[in-house]
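All remarks here apply to the structure that follows.
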Amino acid sequence: MPRAVLDEAQVHPAIRHRVASYHQPLVGAVQAAVATHPVVVVGMGINPFPKKARAALAAAGVPFHYMGYGSYFSQWRERTALKMWAGWPTFPMVFVRGTLVGGAADLDRLIASGELKTLLR
């Protein structure tokens, strides 16, 4: 099933640039990290789930690149831009070899099943 994304033709031409450029430097930084590092965890402070994802990767001996953006009280607009880009509603966002694999619970399942090691080969 394809992911539903509002077609650009349904965005008024006067605001298309605002939509396309919304916190683009931050989104671009995450895109660059995802293209450069085998495993990237994007998270935020206070939220325990990014910490759980990093701990699970460390316990599995998997090196990763972490990018943290604010907390519940700061940088929420920037995180919204990341959610819009990725289509993933929560943090962390875990990427393996350029593919979004989900959050902490999804990562735990990949580790437990052995699929993470397969993806990293």
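Couple of notes before you dig in:
- Qualifying residues in the range 31-41 (those that are touching a residue at least 60 places away in the same chain (Cβ under 8 Å) and in contact with a Leu (Cβ under 9 Å, 6 or more places away or on another chain)) - the one nearest to Thr80 (Cα to Cα): Val34
- Leu119 satisfies every condition listed in (1) in contact with a Lys or Arg (Cβ under 7 Å, 6 or more places away or on another chain); (2) in a helix (DSSP H, G or I); (3) open to solvent by 70 Å² or more (accessible area, probe 1.4 Å); (4) of a type outside the set (Phe, Trp, Tyr) except (3).
- Tabulated pairs, the range 3-19, first surrounded by fewer than 10 Cβ atoms within 10 Å (Cβ to Cβ), second not aromatic (Phe, Trp, Tyr), C-beta under 6 angstrom, 6+ apart or interchain: Arg3/Gly87
- Residue within the range 32-52 that is open to solvent by 50 Å² or more (accessible area, probe 1.4 Å) and touching a His at 6+ places or on another chain (Cβ under 7 Å) present: yes
- Residue check for Val62: open to solvent by less than 50 Å² (accessible area, probe 1.4 Å), over 25 Å from Val19 (Cα atoms), hydrophobic (A, V, I, L, M, F, W, C) and in contact with a strand residue (DSSP E or B) (Cβ under 7 Å, 6 or more places away or on another chain): yes
- Residue in the range 69-79 that is open to solvent by less than 70 Å² (accessible area, probe 1.4 Å) and within 26 Å of Leu120 (Cα to Cα) present: yes
- Residue in the range 72-103 that is farthest from Ile46 (Cα to Cα), counting only those that are touching a helix residue (DSSP H, G or I) at 6+ places or on another chain (Cβ under 9 Å) and among the β-branched types (Val, Ile, Thr): Thr99
- Residue in the range 53-71 that is under 21 Å from Glu115 (Cβ atoms), in a helix (DSSP H, G or I) and not aliphatic (A, V, I, L, M) present: yes
The values are calculated or read from the model by the stated rules, or taken from the named source; none is laboratory data. Worth saying up front: this structure is predicted, and the values here are computed from it rather than measured. Every residue, glycine among them, receives a Cβ derived from its backbone with ideal geometry; neighbour counts consider all protein chains shown. Protein only, heavy atoms only, side chains kept; ligands, DNA and RNA dropped before computing areas. Shrake-Rupley method; radii C 1.70, N 1.55, O 1.52, S 1.80 Å.
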